[in-house]
Amino acid sequence: MQDTINQINFLKQFVSENRIKRFDEVINQRTNYIQIVLENLYQAHNASAVLRSCESFGLQTVHFIENKNSLKISADVAMGSSNWLTINRYKDAENNTINALTKLKQQGFKIVATTPHTNSYTIDALPIDQKIALVFGTEIDGISKDVYDLADEFVKIPMYGFTESFNISVCAALCMYELTTRVRKNIPNYLLTNEEKQEVYLNWLKTSVDKSSQLLNQHFKTV
């Protein structure tokens with residue numbers, strides 16, 4: 001951890017005071033208590049809109065499962081949000097869905113799958129007493145059978161019209177708003193740990209400083 005702190009202190013000199021102040025404000029509102037899992041999204045604007053919502057609501061980590069479709073980010077939709085998020089991509093295992101969800105379970109997350117077709121919790125009634133990995137499936141087919149089999153809970157948003165479901169990016173934003181509002185009011189210690197903060201902060205600085213890797217290598221070879 002001391003190495004990370006040293007790198008942070010070194011890179012700070014290349015960043016304006018206003019940006020450092022903004023980093024400090026944002027990092028203190030970040031959480032990993034809720035993490036978003038996107039399974040096989042194929043439309044770049046949907047994935048990008050979800051990333052933008054994650055960043056705006058203070059969620060730090062997103063998992064992208066790439067069994068069929070690769071993560072593509074639309075710059076004009078994401079508005080740079082991916083630069084400030086921790087994005088984990090699962091694309092090299094025999095079954096990336098099982099690999100991703102098993103890892104999250106091992107980390108203490110409750111796997112919550114979003115689907116309008118299951119007799120499930122409404123989003124406002126979903127228990128939040130455990131860390132949540134909220135899973136969204138493809139735009140047309142929804143979540144896969146593997147997600148159904150591994151999910152601990154299912155959740156939906158109440159709907160009162162003829163349309164069967166929301167667009168995935170809208171659904172994700174509504175879920176994030178509801179869950180983050182309740183978590184911030186009711187769950188102690190939901191924010192990033194000090195170690196998580198340092199790691200994220202360093203990545204933000206690396207993103208902000210041109211040729212940061214080269215600068216770090218040159219500096220720490222000579223000190």
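The values are calculated or read from the model by the stated rules, or taken from the named source; none is laboratory data. Note that the structure is a prediction, hence the values are computed from the model and not measured. FYI the Cβ positions are ideal-geometry reconstructions off the backbone, even for glycines, and counts take in every protein chain you see.
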The conditions are (1) closer than 20 Å to Ser82 by Cα; (2) at pLDDT below 95; (3) under 19 Å from the mean Cα position of the chain (by Cα); (4) not basic (Lys, Arg), and Ser213 fails exactly one of them. Which is it? (3)
Looking only at the stretch 65-79, decide whether some residue is buried (at least 18 other Cβ atoms within 10 Å of the Cβ) and closer than 21 Å to Leu192 by Cβ. no
Can you tell me which residue in the stretch 89-119 is modelled with the lowest pLDDT, limited to those that are among the β-branched types (Val, Ile, Thr) and outside any strand (DSSP E or B)? Thr118
Restricting attention to the stretch 77-113, and to residues there that are without any contact (Cβ under 8 Å) to a residue 12 or more places away in the chain and among the charged types (D, E, K, R), which single residue is farthest from Tyr201 (Cα to Cα)? Glu94
Being more than 16 Å from Tyr33 (Cβ to Cβ) and touching a helix residue (DSSP H, G or I) at 6+ places or on another chain (Cβ under 9 Å) narrows it down to one residue among Thr138, Thr163; which is it? Thr138
With the first residue restricted to the stretch 7-32 and required to be more than 22 Å from Glu195 (Cβ to Cβ), and the second required to be surrounded by 14 or more Cβ atoms within 10 Å (Cβ to Cβ), Cβ contacts under 6 Å at 6 or more apart or on different chains are Phe14/Val209
Pairs, first free of Cβ contacts under 8 Å to residues at least 40 places away in the same chain in the stretch 120-133, second β-branched (Val, Ile, Thr), C-beta under 6 Å, six or more apart: Ser120/Val155; Tyr121/Val155
Go through the stretch 133-152 and give me each residue that's more than 17 Å from His63 (Cβ to Cβ), among the acidic types (Asp, Glu) and at pLDDT 90 or above. Asp149
Subset tally (residues that are modelled with pLDDT under 95 and either of a type in the set (Asp, Glu) or closer than 19 Å to Ile87 by Cα (or both)) for the stretch 158-205: 3
Would you confirm whether or not the stretch 125-134 contains a residue that is in contact with a Ser or Thr (Cβ under 7 Å, 6 or more places away or on another chain), within 26 Å of Ala49 (Cβ to Cβ) and hydrophobic (A, V, I, L, M, F, W, C)? yes
Every residue from the stretch 120-167 that is of a type in the set (Val, Ile, Thr), touching a Cys at 6+ places or on another chain (Cβ under 8 Å) and not in a strand (DSSP E or B): Ile123, Ile157
Subset of the stretch 22-46 (residues that are in contact with a helix residue (DSSP H, G or I) (Cβ under 8 Å, 6 or more places away or on another chain) and assigned to a helix (DSSP H, G or I)): Phe23, Val26, Ile27, Ala44, His45, Asn46
Of all residues in the stretch 1-47 being surrounded by fewer than 16 Cβ atoms within 10 Å (Cβ to Cβ) and acidic (Asp, Glu), which is farthest from Glu178 (Cα to Cα)? Asp3
From the list Ser53, Ser74, which residue is at pLDDT 90 or above, in contact with a helix residue (DSSP H, G or I) (Cβ under 9 Å, 6 or more places away or on another chain) and within 22 Å of Trp204 (Cα to Cα)? Ser53
